[in-house]
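Chemist: Questions regarding the structure given below will be posed in turn.
Read-outs: derived from the displayed coordinates by stated rules, not from any lab. Everything numeric in this text was worked out from a predicted model, so none of it was measured. A quick note on method: Cβ atoms are made from the backbone with ideal geometry, for glycine too, and the neighbour counts reach across all protein chains shown.
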Amino acid sequence: GTSCATPIFASTIALLNDQLICAGKSPMGFLNPFLYANPKALHDITSGTNPGCNTNGFSAGTGWDPVTGLGSPNFAALLIAALSSAAGL
């Protein structure tokens with residue numbers, strides 16, 4: 001769950017920041033605007049559910065959903081998007 005995914009995603013952002021700094025750009029700040037502006041840099045997961053605790057849970061869908069969020073990161077696409085963004089993401 002999140003105890004695995006969160007540190008992995010944080011390390012992904014650290015690697016992106018390293019590349020941004022090497023390119024003479026500012027590191028990323030608040031990520032939400034960047035992530036929502038670059039949906040193709042994420043693999044959108046559009047099917048599946050997370051039932052449990054005697055509930056139907058939530059369903060995955062197009063764009064943000066409570067099961068998968070915005071989706072899983074595509075590092076290569078995130079790097080291209082970050083390097084092509086204006087400074088001060």
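Chemist: Could you tell me which numbered condition Asn50 fails, if it satisfies all but one of (1) surrounded by fewer than 16 Cβ atoms within 10 Å (Cβ to Cβ); (2) out of contact with any Gly (no Cβ under 7 Å at 6 or more places or on another chain)?
Modeler: Going through (1) surrounded by fewer than 16 Cβ atoms within 10 Å (Cβ to Cβ); (2) out of contact with any Gly (no Cβ under 7 Å at 6 or more places or on another chain) one by one, Asn50 breaks only (2).
Chemist: Now, a different point. Let me confirm something: among Leu79, Leu35, which residue is assigned to a helix (DSSP H, G or I), buried (at least 16 other Cβ atoms within 10 Å of the Cβ) and in contact (Cβ under 8 Å) with a residue 40 or more places away in the chain? Steps first, answer last, please.
Modeler: Values: Leu35 fails: in contact (Cβ under 8 Å) with a residue 40 or more places away in the chain.
That would be Leu79, the only listed residue that is assigned to a helix (DSSP H, G or I), buried (at least 16 other Cβ atoms within 10 Å of the Cβ) and in contact (Cβ under 8 Å) with a residue 40 or more places away in the chain.
Chemist: Quick one: in segment 53-68, of everything that is among the polar types (S, T, N, Q) and in a strand (DSSP E or B), which residue is surrounded by the fewest Cβ atoms within 10 Å (Cβ to Cβ)?
Modeler: From segment 53-68, those among the polar types (S, T, N, Q) are 54-56, 59, 62, 68; that's our starting set.
Filter once more, keeping what is in a strand (DSSP E or B): 55, 59.
Working: Thr55: 8, Ser59: 14.
In this case the residue turns out to be Thr55.
Chemist: Taking segment 63-89 only, how many residues are closer than 22 Å to Thr6 by Cα and among the polar types (S, T, N, Q)?
Modeler: 3
Chemist: With the structure loaded, tell me whether Ser47 is outside any helix (DSSP H, G or I) and in contact (Cβ under 8 Å) with a residue 24 or more places away in the chain or whether it fails that test.
Modeler: Working: outside any helix (DSSP H, G or I): yes; in contact (Cβ under 8 Å) with a residue 24 or more places away in the chain: no.
So Ser47 does not fit the description; no.
Chemist: Before we move on, is Asn74 surrounded by 11 or more Cβ atoms within 10 Å (Cβ to Cβ) and either in contact with a Lys or Arg (Cβ under 9 Å, 6 or more places away or on another chain) or free of Cβ contacts under 8 Å to residues at least 40 places away in the same chain (or both)?
Modeler: Yes; evaluated as a whole, the condition is true for this residue.
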